[in-house]
Amino acid sequence: MKQEPKIQPTPSELAILQILWSRGPSTVREIHETLSQQKEVGYTSALKLLQIMTTKGIVTRTEDNRAHIYSASHAAEKTKQQFATDVLQRVFRGSASQLMQHALAGRRASKQEIDELRKLLDEHERKQS
């Protein structure tokens, strides 16, 4: 069985993916305009990043009336799950409890977030039974 390659975008590539996940398919100009609201970035830099991301298979490019439209190749959830799995394995040696302890120690979680975590853990436990 062929294993899918890992999605490992850089922080700059991840910023572009966040835009594509929220906006949907977009032109370079639209991506550049949104990126420029977050940090100073040139149009050609955004274009070059998108070209690199296309080569890596992180985004796909289609042409519509001479405009190149870029889309994320993978859903946000899949990419986030791969990042979390990678961090879990590399940093915490597979220990989900250590990951949670450090995540919660790093900042104050709201009651709603803690309730949501409890619900997720209960669902996970039910699926394991």
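The values are calculated or read from the model by the stated rules, or taken from the named source; none is laboratory data. Please read all numbers here as calculations on a predicted model, not as lab measurements. Note: ideal-geometry Cβ built from the backbone for every residue, glycine included; neighbour counts use all protein chains shown. To get the accessible areas, we keep the full protein, side chains included, count just its heavy atoms, and leave off ligands, DNA and RNA. Shrake-Rupley method; radii C 1.70, N 1.55, O 1.52, S 1.80 Å.
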- For the stretch 66-83, the count of residues that are open to solvent by less than 30 Å² (accessible area, probe 1.4 Å) and farther than 17 Å from His32 by Cα equals 2
- Task: Filter the stretch 91-112 down to residues that are outside any helix (DSSP H, G or I) and of a type in the set (S, T, N, Q) and give me whichever is nearest to Glu125 (Cα to Cα).
- Result: Ser95
- Which of (1) open to solvent by less than 60 Å² (accessible area, probe 1.4 Å); (2) on the phi < 0 side of the Ramachandran plot; (3) free of Cβ contacts under 8 Å to residues at least 12 places away in the same chain; (4) over 20 Å from the mean Cα position of the chain (by Cα) is the odd one out, the single condition Glu63 does not satisfy? (1)
- Query: Taking the stretch 84-129 as the region of interest, how many residues are open to solvent by less than 80 Å² (accessible area, probe 1.4 Å), closer than 21 Å to Ile58 by Cβ and free of Cβ contacts under 8 Å to residues at least 24 places away in the same chain?
  - Reply: 3
- Can you spot a residue in the stretch 71-82 that is modelled with pLDDT of 95 or more and more than 10 Å from the chain's Cα centre (by Cα)? yes
